[in-house]
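> Input: one structure, supplied below.
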Amino acid sequence: MLELLYAAFNTASLITLAVIGGAIVLFIGGWIAPEITGLLALALLIATGVLKPGEALQGFGSPALITVMGLFAISAGLFRSGGLDRLRALIGSDAIRSPKRMITLMVAAVGPVSAFVPNTPIVAALLPVIEGWCHRRKVSPSRVLLPLSFATVLGGTITLFGSSVNLFASEVSEKLGYGAFELFGFTPIGIAVWLLGGLIMVLLADRFLPDRGQNNDDLTAHLSSNGYLTEVEIPSGSELIGVSLHGSRLQRRFDADVLELHRGSERFLPPLADRTLLMGDRLLLRCTRADLLRLQQDHTVVLAPTSELAINKSDQQNNQRVVEVLLPSGSTLAGDCLRDLRFRQRYNVTVLALRRGNEVLRERLGRVILKDGDVLLLQGPKDAIRGLQANNDLVVLEQLENDLPTVSRKRLALSISAFVILLPAFNLMPLVASVLFGTVAMVASGCLRPGELQRAIRLDVILLLGSLASFSVALEKTGLAAATAKALLVGLQNWPIYWALLAVFLFTTLLTEVMSNAATVAMLIPIAGQLALGLGEPPMAFIYAVLFGASQSFLSPVGYQTNLMVFGPGRYQFLDIARYGIPLTAAMTIAIPFFICIYFKI
């Protein structure tokens, strides 16, 4: 403990503690994007002299970061060429007749694919397929969407390719002198985790997964009355002009709740029953999708056009489609409102309504700040809707055609992906070189266009991983990692190794539920490595405990990006994630340290 105090009471250490502590607060609070928090911490460590620019910025030139960028491109080429159409067809098959069978199939098929393909695009590609299956089978999406996310999380720890955090952890470990991870280095542990986790998911499905559907509804058919927020305007000639809400038939006819009334620059809040309505008044309504569509056909009210563009007459043509779209994690639209985005001009679609889980939004539709996980109801021409399917900022939650697309280059894309895996597996070339060759091959063969290559790379992930590498460098350079490990040894030195690993795993798991898993890895791997050396055990054993702990996020929608992606479409409540995830987390906390002990024979 004295060594920890000594290490902490020097200028560089105090600054590092303050910067990392402030970053943790910002990560948990979520007031600014995680990648911005990482860049701010990076700038502070350089400006205060804790790290030299070369030390702080080395994460941006690391092989791991280049590999992550290449994997984004390869996975995009794989999906766009139809390389995973067979998986989509299998998941959407009518031969699957119950939620439990669907969950079993997802564990068996989606998990192994997640070992080689980033999980975010997998969830984005399968969401509309599973939505369609739920609609045909009259099954609530809440019965199957959360297991989809969990299956990709479990599969992501089978190989080094499974997640960007795996590659980042390997980079941190190598820089600290503990060695990089092999492509299949932790696969035996990962397979055991996948099998055990999948079994628990199937067994818990009936009892712990909620049914958020009503009357066997689905997300794109009949939404509950608290589902949608939309805005209507009273046109000239409307029967509502000159009467009060209480005396009108609006609420009785459409079963809509009037949340606000806007008249010019004035804003009126409930109670509104006795307020006389005038032409041009805007009403903020909460209603079902069916009533929302009826509003468009009724001349009593009209959908209020956004400020940047009025609704065109062509919008009333039969070519129109109404679909739901999801803002996935990392969408560049998050943080802006529809009006500032000029959403209609950009995508040639009209936003009819917005839903954010079960939260009721009391703002005008055009001024609502979009967030990851929001679900928008859009209306537009089929071509415009089809164009959204190639957009990384939106996920269309409905298949536009009954048959799944097939592309002539799918075999070529699969072959390129196979070579990317096999070449480093047989030590024929370094992993980063194999991934770069694969990226070039995807573009050169036409599986991926140059413009699509640029859009496929997640800049938010790149900035976050590159900036967070400075955390581990600062902890090691200032001696805080070694001092913290020595302080922990006082309490853990008489513990069996299994219990020490369990403590490290559980702490990592809980920390990653409230902040970025990459940040958790950057802060804990230096400490875990030093702790292992102090206990006389292999550092890689404790580093694996951190890696698996940071990847097993089953307790909250914000703990992992795929959890957030299914949160809105499944209409889950916050505690639904924990109810299904706590037994799984408890089992992993007991089992994974045991698997690590067996693997390292300690």
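The values are calculated or read from the model by the stated rules, or taken from the named source; none is laboratory data. Note that the structure is a prediction, hence the values are computed from the model and not measured. Quick reminder, even Gly has a Cβ in these numbers, built from the backbone with ideal geometry, and neighbours come from all protein chains shown. Surface accessibility is based on the protein's heavy atoms, side chains included, excluding ligands, DNA and RNA. Shrake-Rupley method; radii C 1.70, N 1.55, O 1.52, S 1.80 Å.
> Could you pull out every residue, at least 5 positions away or on a different chain, whose amide H is within less than 5 Å of the one on C337? Hs are placed 1.01 Å off N in the peptide plane, and Pro or chain starts have none.
Long-range HN contacts for C337: L370.
> Angle check, please: helix 459-477 long axis (alpha carbons) against the longest principal axis of the chain (alpha carbons), in degrees 0 to 90, nearest 10.
30
> What number in nm² do you get for the chain if you take the convex hull of its Cα atoms and divide its surface by four?
Spelled out: convex hull of the Cα atoms, projected over all directions, averaged, 28.9 nm².
> What's the carbon and sulfur percent of the range 50-127's accessible surface, probe 1.4 angstrom, rounded to a whole number?
65
> Taking the 0 to 90 degree range and rounding to the nearest ten, how far is the long axis of helix 187-208 tilted relative to the main principal axis of the chain, both from C-alpha atoms?
Roughly 40 degrees between the two axes.
> Related question: For q values of 0.24 Å⁻¹, compute log₁₀ I(q)/I(0) with the Debye formula on a Cα-only model of the range 1-103, without solvent.
-1.20
> How large is Rg over Rh for the range 506-602, taking Rg from the Cα atoms and Rh as the Kirkwood inverse mean of 1/r across Cα pairs?
Radius of gyration relative to Kirkwood radius: 1.04.
> Moving to a separate point now. Relative to the longest principal axis of the C-alpha atoms of the chain, give the angle of the C-alpha long axis of helix 517-535, reported between 0 and 90° and rounded to the nearest 10°.
Value to nearest ten degrees: 20.
> Quick check: net charge around A456, other residues with Cβ under 11 Å of its Cβ, Lys/Arg +1 and Asp/Glu -1?
Its environment carries a net charge of +3.
> Would you pull out the residues with amide H under 5 Å of D374's amide H, same chain only if 5 or more places away, H placed 1.01 Å from N?
Residues meeting the criterion, in which the H sits 1.01 Å from N, are L327.
> Further, regarding this structure: Give or take rounding to whole Å, what are the principal axis extents of the alpha carbon atoms in the range 416-560, in descending order?
59, 36, 31
> Please give the FRET efficiency for F60 paired with M279, using the beta carbon to beta carbon distance and R0 = 60 Å, rounded to the nearest 0.05.
0.55
> Suppose we take every Cα in the range 83-151 and form the convex hull; what volume per residue is that in Å³?
With only Cα atoms used, the range 83-151 gives 73 Å³ per residue.
> Over the range 536-579, consider all pairs of different Cα atoms and compute the Kirkwood hydrodynamic radius from their mean reciprocal separation; express it in Å, one decimal.
Details: mean 1/r = 0.0837 Å⁻¹.
About 12.0 Å for the range 536-579.
> Tell me, what ³J(HN,Hα) does each residue in the range 537-545 have, in order and in whole Hz, if you take phi through Karplus 6.51 cos²θ - 1.76 cosθ + 1.60 with θ = phi - 60° and put x for Gly and Pro?
Each residue of the range 537-545 in turn: 10, x, x, 5, 5, 6, 5, 5, 4 Hz.
> Would you mind working out the accessible area per residue for the chain, using a 1.4 Å probe, and quoting it in Å²?
Accessible area per residue, the chain: 41 Å².
> Summing +1 for each Lys or Arg and -1 for each Asp or Glu, what net charge is found among the other residues whose Cβ lies under 12 Å from the Cβ of F72?
Summing Lys/Arg as +1 and Asp/Glu as -1 gives 0.
> A follow-up question, please. Over all directions, what mean area does the Cα convex hull of the range 139-219 project, stated in square nanometres? List each step's numbers first, then the result.
On the way: hull surface 26.2 nm².
That works out to 6.6 nm², a quarter of the Cα hull's surface.
> Between N427 and L510, what is 0.36 nm times their sequence separation minus the Cα-Cα distance? Round to one decimal in nm.
26.2 nm
> Hey, another quick one. Please go through the residue pairs K486/K601; K175/K601; K100/K382; K382/K410 and name each one whose alpha carbons sit more than 30 Å apart in this structure.
Going by Cα-Cα distance, K100/K382 fall outside the 30 Å limit.
> Okay, moving on. Where Lys and Arg each count +1 and Asp and Glu each count -1, what net charge lies around P188 among other residues with Cβ under 15 Å from its Cβ?
Neighbourhood net charge equals 0.
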